[in-house]
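In what follows, a single structure is set out as structure tokens and then discussed.
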Amino acid sequence: MDLAEMREKLKKIILEKSYEEREVILASGRKSNFYFDSKHTTLHPEGSYLVGKLFFEEIKKLGTPVRGVGGLTIGADPIATAVSLVSYLEGEPIPAFIVRKESKDHGISQWIEGWKNLRKKEPVVVVDDVVTTGKSSLEAAKKVEEAGYKVEAIIILIDREEGGRENIESAGYRLRTIFTKSELLG
């Protein structure tokens with residue numbers, strides 16, 4: 001299966017498993033009449049592989065050797081794991097990491113899990129499942145940079161096209177998306 005076929009297959013899985021038309025309150029606090037619960041895709045066996053492969057291909061297009069991939073728990077966790085596994089299988093291993101929403105109150109109180117697999121100042125990519133305003137992705141990027149790593153880019157599975165891209169780019173980050181709402185619902 002080539003990348004275009006993988007992309008179409010992933011689109012089908014997202015629409016089947018993760019898309020719902022109903023009123024919801026998003027993490028941004030906004031009301032919406034549709035919802036992408038992408039964990040049903042990123043935790044699906046084939047969905048996970050396709051997500052890992054397509055994100056890995058986006059990472060390779062950055063033109064910089066990336067030394068880590070992760071983001072804010074819980075949306076980023078299956079994506080980072082899938083990318084790490086695909087990268088290993090393709091002979092270019094990239095360790096995954098997790099950004100906590102709250103610092104541990106025991107042990108060494110770190111924000112980043114998996115930090116022993118990373119080196120300070122090296123380029124990493126922040127990933128997330130869905131972006132609306134960009135707040136979660138920017139929060140993750142800030143914590144990653146405060147921990148001493150360089151955020152090379154932010155890569156998102158689905159951009160709801162509600163200002164997230166503009167907010168992330170105006171904060172100085174490169175943003176890549178696998179899909180936009182328009183591409184999925186077109």
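The values are calculated or read from the model by the stated rules, or taken from the named source; none is laboratory data. Quick caveat, the model's predicted, so the values are computed rather than measured. Every residue, glycine as well, gets a Cβ built from its backbone with ideal geometry; the counts of neighbours run over all protein chains shown.
List the number of the failed condition for residue 73; all other conditions in (1) surrounded by fewer than 23 Cβ atoms within 10 Å (Cβ to Cβ); (2) touching a helix residue (DSSP H, G or I) at 6+ places or on another chain (Cβ under 6 Å); (3) of a type outside the set (Asp, Glu); (4) under 22 Å from residue 173 (Cα atoms) hold. Among (1) surrounded by fewer than 23 Cβ atoms within 10 Å (Cβ to Cβ); (2) touching a helix residue (DSSP H, G or I) at 6+ places or on another chain (Cβ under 6 Å); (3) of a type outside the set (Asp, Glu); (4) under 22 Å from residue 173 (Cα atoms), the lone unmet condition for residue 73 is (2). From the list 92, 161, 152, 145, the lone residue that is at pLDDT 95 or above and touching a Pro at 6+ places or on another chain (Cβ under 6 Å) is 152. Considering every residue within segment 170-177, establish whether at least one is of a type in the set (Lys, Arg), under 15 Å from the mean Cα position of the chain (by Cα) and part of a strand (DSSP E or B). Yes; the residues of segment 170-177 include at least one that is of a type in the set (Lys, Arg), under 15 Å from the mean Cα position of the chain (by Cα) and part of a strand (DSSP E or B).
Among the residues of segment 14-46, those identified as in a helix (DSSP H, G or I) and touching a Lys or Arg at 6+ places or on another chain (Cβ under 8 Å) are 18, 40, 41, 46.
Of all the residues in segment 28-70, those that are within 20 Å of residue 164 (Cα to Cα), surrounded by fewer than 22 Cβ atoms within 10 Å (Cβ to Cβ) and polar (S, T, N, Q) number 3.
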